[in-house]
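**Student:** I am attaching a structure below and will ask some questions about it afterwards.
Coordinate-derived values only; no laboratory data. Fair warning: this is a prediction, and the values are worked out from it, not measured in the lab. FYI the Cβ positions are ideal-geometry reconstructions off the backbone, even for glycines, and counts take in every protein chain you see.
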Amino acid sequence: MEMRAVYAECLAELMERDKHVCVLDADLSKASGTRKLYERFPEQMFDCGVAEQNMASIAAGLSSYGFKPWIESFTPFATRRICDQIAISISYARQNVKIVGTDPGISAELNGGTHMSMEDIGVLRSIPGLVIFEPVDQVQLRAAMPVLAAYEGPVYMRLFRKEQPVIFPEDYRFELFKADTLREGKDLSIFVSGMVTKDCLEAAELLKEQGIDAEIINVHTIKPVDRETVLASARKTGAVLTVENHNIIGGLHSAILETLAEEKLPVCGVGVPDRFGEVGKIPYLRQIMGLTVENIVEQAKKAVSLK
C-alpha cells in the first residue's frame with residue numbers, strides 16, 4: 001500500500017473511536033490521501049485552502065478547546081512556511097497538534113525545488129517541546145499512528161506518500177523514543193532515517209563482502225534522539241555513518257554529532273549537500289545528491305578507515 005493510504009486508514013480508525021480527532025488540510029487532501037475521509041467524517045474534516053499559516057492557527061485553537069487536530073500539507077509548507085505558528089501557537093502554547101509534511105526531500109520529484117524541502121527537520125528541530133518522527137514503511141507507520149495520537153503534545157511527521165519497501169515484520173512493536181536496531185555489527189554504526197533505510201541494508205551486505213561488519217540502526221524519532229542506543233552502538237563499533245534524505249546540515253547528522261560530541265570517534269555523513277532541490281525523478285535525484293548505495297559504501301569505508 002501507499003504510505004498515504006495507510007496514513008488515511010489509521011486516521012479513519014482514530015476518528016471513528018474519538019470524535020475529537022479532526023484533520024485540517026491546505027487544499028491537498030487528494031495528495032495526502034485523505035479525500036475520502038470528507039465523506040465519512042464531514043464534521044471532523046476541514047479544508048483550510050492554500051493558507052497553511054491559518055490552518056496551523058486554527059488547529060491550535062481547536063486543540064485549546066480539547067480537539068485533537070492533525071494538519072497536513074507538502075513538507076515545505078508544513079514546516080518553513082508555518083514555522084512561527086508552530087513555534088508560538090502550537091509549541092509555546094503547548095497544544096496537542098500533529099503536523100504531517102508529505103513528500104520529504106527528494107521524494108517531491110517533479111514538483112521541483114519549491115516543493116522539495118531538504119531543510120524541514122533543521123527548521124523545526126530547535127523548537128522546544130516538538131517531537132520529530134519519520135516512518136520507514138507501512139508496518140512502522142501503522143504501528144506508530146496510535147502511539148502518536150496518544151502522545152500529548154506537538155509532533156511533526158515527515159511522510160513519504162507512495163509505496164515503500166517493507167522493512168519491519170508484521171509483529172513489529174513500535175516505541176516512539178527508542179531507535180530500532182535492524183542489523184547488529186561490530187565495525188561501524190550506521191544511523192539512518194526514512195526512505196534510505198533499505199539502501200543502508202543493501203550497503204551493509206556489500207560492506208560484509210569487503211570485511212566490514214556494519215550495524216544498522218533506524219532512528220525513526222530524530223527529536224528527541226535515542227541517546228542511549230546511539231551511544232551504546234557508537235562506543236561498541238568505534239566509527240559512525242549517518243544517512244538521510246535531508247540536508248546534511250540540521251537533521252539526523254547534526255543530531256548524532258551533538259550526541260557524540262565528547263566521544264572522540266569518526267562520524268561521516270551521507271545526505272543532501274547544502275543546496276536546493278530541482279526537478280527530476282528519484283533515481284536521477286539520488287545520483288546528483290549522493291543518496292546511493294555506492295556512496296553509502298564509500299563513506300562507510302571512509303569512516304572505518306578513520307578509526
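**Student:** Arranged from highest to lowest average of other beta-carbon atoms within 10 Å per residue, in what order do the peptides 193-203, 155-165, 107-117 appear?
**Tutor:** The peptides rank, most packed first, as 193-203, 155-165, 107-117.
**Student:** If you don't mind, another one. For the stretch 180-305, calculate the relative contact order in percent as a whole number, restricting contacts to Cα pairs under 8 Å that are 6 or more residues apart.
**Tutor:** 29 percent
**Student:** Using Cβ contacts closer than 10 Å as the measure, can you line up LEU11, LEU306 from fewest to most?
**Tutor:** By the 10 Å Cβ count, ascending: LEU306, LEU11.
**Student:** Between ASP27 and VAL279, what is the FRET efficiency for a Förster distance of 22 Å, r being their Cβ-Cβ separation, to the nearest 0.05?
**Tutor:** Given R0 = 22 Å and the Cβ-Cβ separation, E is 0.50.
**Student:** Another question, if that's okay. What list of ³J(HN,Hα) values in whole Hz, one per residue of the stretch 164-174 in order, does the Karplus curve 6.51 cos²θ - 1.76 cosθ + 1.60 (θ = phi - 60°) give from phi, with Gly and Pro shown as x?
**Tutor:** Once rounded to whole Hz, the list reads 10, x, 6, 9, 9, x, 4, 8, 4, 10, 8.
**Student:** In addition: Please list 3J(HN,Hα) in residue order for the stretch 238-247, calculated via the Karplus relation 6.51 cos²θ - 1.76 cosθ + 1.60 where θ = phi - 60°; whole Hz, with x for glycine and proline.
**Tutor:** x, 8, 9, 10, 10, 9, 7, 8, 6, 3
**Student:** Here's another thing I want to ask about it. For ILE288, project a label point 7 Å along Cα to C-beta. Then give me every residue of the stretch 236-261 with its amide nitrogen under 17 Å of that point.
**Tutor:** Hits in the stretch 236-261 for ILE288 at 17 Å: 246-248.
**Student:** OK, next. Using 1/(1 + (r/R0)^6) with R0 = 30 angstrom and r between the beta carbons of THR181 and GLU152, what's the FRET efficiency to the nearest 0.05?
**Tutor:** Using R0 = 30 Å, I get an efficiency of 0.60.
**Student:** How far is the Cα center of the stretch 57-101 from the Cα center of the stretch 103-149, in Å?
**Tutor:** 14 Å
**Student:** Before rounding to the nearest 500, sum -39500 (n - 2.57) across all DSSP H runs of length at least 4 in the chain and divide by the residue total; then give [θ] at 222 nm in deg cm²/dmol.
**Tutor:** -10500 deg cm²/dmol
**Student:** Can you classify the stretch 180-305 as rounded, prolate or oblate using the Cα gyration tensor, where a ≥ b ≥ c are the square roots of its eigenvalues, rounded means a/c under 1.5, and otherwise it's prolate if a/b beats b/c and oblate if not?
**Tutor:** oblate
**Student:** Now a separate question. Using θ = phi - 60° and the Karplus relation 6.51 cos²θ - 1.76 cosθ + 1.60, list the HN-Hα couplings for the stretch 267-278 in order, rounded to whole Hz, with x at every Gly or Pro.
**Tutor:** With the stated coefficients, the stretch 267-278 comes to 10, 10, x, 10, x, 5, x, 5, 7, 7, x, 8 Hz.
**Student:** Place +1 on the Cβ of every Lys and Arg and -1 on the Cβ of every Asp and Glu in the chain, take the dipole about the Cα centre, and give the residue among ILE82, MET116, PRO42 whose Cα lies farthest towards its positive end.
**Tutor:** Positive-most Cα among the choices belongs to ILE82.
**Student:** While we're looking at this one, here's another question. Of all beta bridges DSSP finds with both residues in the stretch 146-265, what is the antiparallel percent, to the nearest 5?
**Tutor:** Bridges in the stretch 146-265 are about 25 percent antiparallel.
**Student:** A further question follows. For each of MET55, MET289, count neighbouring Cβ atoms within 10 Å of the residue's Cβ, then give the residues from fewest to most.
**Tutor:** Lowest count first: MET289, MET55.
**Student:** For a 27 Å ceiling on Cα separation, which of these pairs sit above it: LYS162/LYS236; LYS236/LYS281; LYS198/LYS236?
**Tutor:** LYS162/LYS236; LYS236/LYS281
**Student:** Can you figure out the FRET efficiency of LYS208 with SER64, using R₀ = 51 Å and their beta-carbon distance, to the nearest 0.05?
**Tutor:** So the FRET efficiency works out to roughly 0.45.
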